[in-house]
Amino acid sequence: MITTSVSDVKKTPPILRGGLPYLGHALEFQRNPIGVLQHARDQFGEIFSFLLAGSKVTVLTGAKANEAFFRAPDDQFSQKQAYQFMVPIFGKGIAYDTTPDRMSEQLGFIFPALREERMQAYAQFMADEAQAYFDTWGKSGEIDLLTAMNELTVFIASRCLIGHEFRQNLSTEFASLYHDLEGGISLLAFFQPYLPLPSFQRRDKARIRMVELISQIIANRRSRGHEGEDFLQTLMTARYADGTVLSDDNITGLLLTLLFAGQHTSAVLAAWTGILLLQHPQYLPAIMAEQQAVLGNSKTFSLEALRQLGVLERSIKEAERLRPPLVMLMRKILRDFEYNGYYVRAGGLAMVSPAVSHRLSECFHFPNRYDPDRFTPERAEDRKSPYTLIGFGGGRHRCIGQAFAYQQIKVIWSVLLQQFDLELGHRNYEPDYSTFIIGPRQPCLIRYRRHL
Ligand code: HEM
């Protein structure tokens, strides 16, 4: 339970000792954050603190502690203040640069774009993109799976989010703008997002150009009275509660929010899904049997058919559990809080870690073992508590794009597995902790051979 006042005599969470003055555990943490967190969890249990570059970080792990984190109100645990480094990308007045209520209103505009009939249309867009992408591969060869998943998910996201005009003209300019925006996400940006660095200046220029590109499409659609089946269209028709329409800058900001929340994360989860499956090929026959039973040789993907791919879905869920793309979620602590007899003062950061929580033996049976069948209806290990599997977060800030992400990963792996024999290109695929979204370290090679 979380309460608000803290007295001086009360117990504070155990502190992870060691580390450097001021920097604390920053260096080890940058190399292997999960190693540091897992070690501290083994030592102290569900709540502990450590020092990170001058900030005290209090880590909560396990279903009950995760629940306390996700259920804390915004004026106590602020997501907005923890993710300020995204403001230069998303834009002024968008998401983390507005009040939590306004942000909810903005995200609420997205829901019509996630309705059944839209998801139905996206299913085929996703399949068409996947097919066109894999058609560019030869008869056999070797590819970097993460690079491939990144390229393909950019095509899918731009088609479903910004629309076919944009997708058709997807230029090297867009790739370079996207790259410059991504270059604005770093550990330095987390602490100082507005330093006059060349990478931050490129980020800001890229955003201005992105607004210009999307404004042209909006103007074009309005003048032709054309309507698209995409997120852009949904935002073009949305109204704030006071009746005002969204400005082009607002629309672009929300599209960038979705693109940044959903593209790289989906690419990474798609890559891990495939790697884990190829590392455990005993699970492939059931997936192939399901493909045959549900899809046959059809190249069209209905939403209904995709929903029936339960075996494939469990392998994605197991990848989400073992290799969550977001390994830590943060909040700034604005008001003192209490958890299970421990008191934490306002001022520091609170964190939950999907990567650590997903490997607790009290939540999952043999947690380090790859076992997608733990999610069968009979076993349903994720249903014991809503806060054991948290790869998509929880509570009021839970991901709104999970169904979209699962749908595209299902489509991608259905197309790949139906049309190619695949093999791992090397022995080990370790996580790369040098970025915010934790994918497999590159090169991350797989070999393919097209079916005749
Ligand atoms: C595998 C893919 C994805 C993963 C692992 C993922 C994970 C997450 C997580 C963990 C959060 C909660 C963050 C927090 O509590 O601090 C989140 C929030 C969010 N996600 Fe996703 N996501 C994915 C795909 C998507 C997609 C495809 C979209 C959009 C189409 C999306 C849109 C969002 C948005 C808008 C939020 C913020 C919700 C809020 O704060 O109220 N995500 N996501």
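A few notes on this one:
- Identity of the residue in the range 15-51, open to solvent by less than 20 Å² (accessible area, probe 1.4 Å) and among the aliphatic types (A, V, I, L, M), that ends up farthest from Thr388 (Cα to Cα): Ala26
- Figure legend. Inter-residue proximity from the range 405-433: first residues under 14 Å from Glu142 (Cβ atoms), second residues within 16 Å of the ligand (Cβ to nearest atom), beta-carbon distance below 8 Å, spacing 6+ or different chains. Indicated pairs: Leu422/Gly274; Leu424/Ile275.
- Members of the range 311-339 that are more than 15 Å from the ligand (Cβ to nearest atom) and either part of a strand (DSSP E or B) or among the basic types (Lys, Arg) (or both): Arg314, Arg335, Phe337, Glu338, Tyr339
- When each of Ser176, Ser186, Ser158 is tested for being more than 16 Å from the ligand (Cβ to nearest atom), in contact with a helix residue (DSSP H, G or I) (Cβ under 9 Å, 6 or more places away or on another chain) and open to solvent by less than 40 Å² (accessible area, probe 1.4 Å), the lone residue that passes is Ser186.
- Candidate set from the range 256-270 (those that are touching an Asp or Glu at 6+ places or on another chain (Cβ under 9 Å) and either open to solvent by 10 Å² or more (accessible area, probe 1.4 Å) or more than 6 Å from the ligand (Cβ to nearest atom) (or both)); member that is nearest to Gly184 (Cα to Cα): Phe260
Yes/no per residue for (1) on the phi < 0 side of the Ramachandran plot; (2) open to solvent by 20 Å² or more (accessible area, probe 1.4 Å); (3) within 14 Å of the ligand (Cβ to nearest atom):
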position	(1), (2), (3)
Ser385	yes, yes, no
Ile390	yes, no, yes
Cys399	yes, yes, yes
Ala405	yes, no, yes
Gln418	yes, yes, no
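- Phe111 passes every criterion in (1) in contact (Cβ under 8 Å) with a residue 24 or more places away in the chain; (2) surrounded by fewer than 19 Cβ atoms within 10 Å (Cβ to Cβ); (3) closer than 16 Å to Trp413 by Cα; (4) out of contact with any strand residue (DSSP E or B) (no Cβ under 9 Å at 6 or more places or on another chain) apart from (3).
- Tallying residues that are in a loop (DSSP other than H, G, I, E, B) and closer than 14 Å to Ile143 by Cβ within the range 434-452 yields 3.
- For Gln43: the one exception among (1) in contact (Cβ under 8 Å) with a residue 12 or more places away in the chain; (2) within 16 Å of the ligand (Cβ to nearest atom): (2)
The values are calculated or read from the model by the stated rules, or taken from the named source; none is laboratory data. Quick caveat: nothing in here was measured; it's all calculated off a predicted structure. With ideal geometry, Cβ positions are generated from the backbone for all residues, glycine too; neighbour counts draw on all protein chains shown. The area values use the complete protein model at the heavy-atom level, side chains included, leaving out ligands, DNA and RNA. Shrake-Rupley method; radii C 1.70, N 1.55, O 1.52, S 1.80 Å.
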